[in-house]
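So the structure is just underneath, and the comments pick up after that.
The values are calculated or read from the model by the stated rules, or taken from the named source; none is laboratory data. Given the structure is predicted, the values throughout are model-derived calculations rather than measurements. For neighbour counting, all protein chains shown are included, and Cβ atoms are generated from backbone atoms with ideal geometry for every residue, glycine included.
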Amino acid sequence: MKVDAEMGSGGTGSENWANIGLGAHDPAVVLLIETQAALRDDVRIVRDAVGLLGGDALETEAPAMLNDNAMSSVFARIDALETGAPRSRMAARAAGAAIQELLDLPDPVREYALMAAGGRGWQMAGPGLKIMDLDVGSDATVQLLRIEPGHGAPSHDHSGIEHTLVLTGAFRDESGVYAAGDLSTRNRGEVHRPIAEPGPICFALAVTEGPIQLRGPLGLLQRLFTRH
């Protein structure tokens, strides 16, 4: 289901945002609302007009502070590479480009992404797909996805609600194309396989309330390795 900023059926009026599964003041919900509002003027106008709880919650929460030590360690590693052999300098340039990608992300997800980069960082999840866990203080799983054009996640179902907000680029799945600022909401039983569209790299913010359930051969392996 694609969620637009229109009021009414399928819209992002306050009544819809408040019922996306998590509590309205959950940090993951706040992050979704505020990030979509940063990407789309229509969402920001609706948020401000009807007093969506995301903005109210941000005013009562302590601001997320960037971990200076974490980021210093990232740049220190880049500096060390730049003083090494040509191959190391190439790695440093790649690392610098990766940090720049995060700096180009919209507020407020940028701060969480930079903090995560200074910790565990990106994890390979498949060809052309990287995932980075974001710690926002929610019981839900919050992840930043980096999907190269033509690549994506394997076909999967959901054990709970999954919300995916596109930050840059676009992806396509069985229900259509989602571009920057669009929010995809999937429920249990809605199997899909998102694939990034040609063009810019697709960055997306994903909030899930339970583990995904892979389909096909990967699903069989998942069930074998998680069987008790």
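Taking the criterion of being of a type in the set (A, V, I, L, M), touching a residue at least 60 places away in the same chain (Cβ under 8 Å) and within 17 Å of Asp173 (Cα to Cα), the only residue of segment 111-155 that qualifies is Leu145. Here Val136, Val166 are screened, and the one residue that is of a type in the set (Val, Ile, Thr), within 16 Å of Gln36 (Cβ to Cβ), modelled with pLDDT of 90 or more and not in a loop (DSSP other than H, G, I, E, B) is Val166.
If you check Leu214, Leu224, Leu205, which single one turns out to be aliphatic (A, V, I, L, M) and modelled with pLDDT of 85 or more? Can you show your working first?
Numbers: Leu214 fails: modelled with pLDDT of 85 or more; Leu224 fails: modelled with pLDDT of 85 or more.
After applying the criteria, what remains is Leu205.
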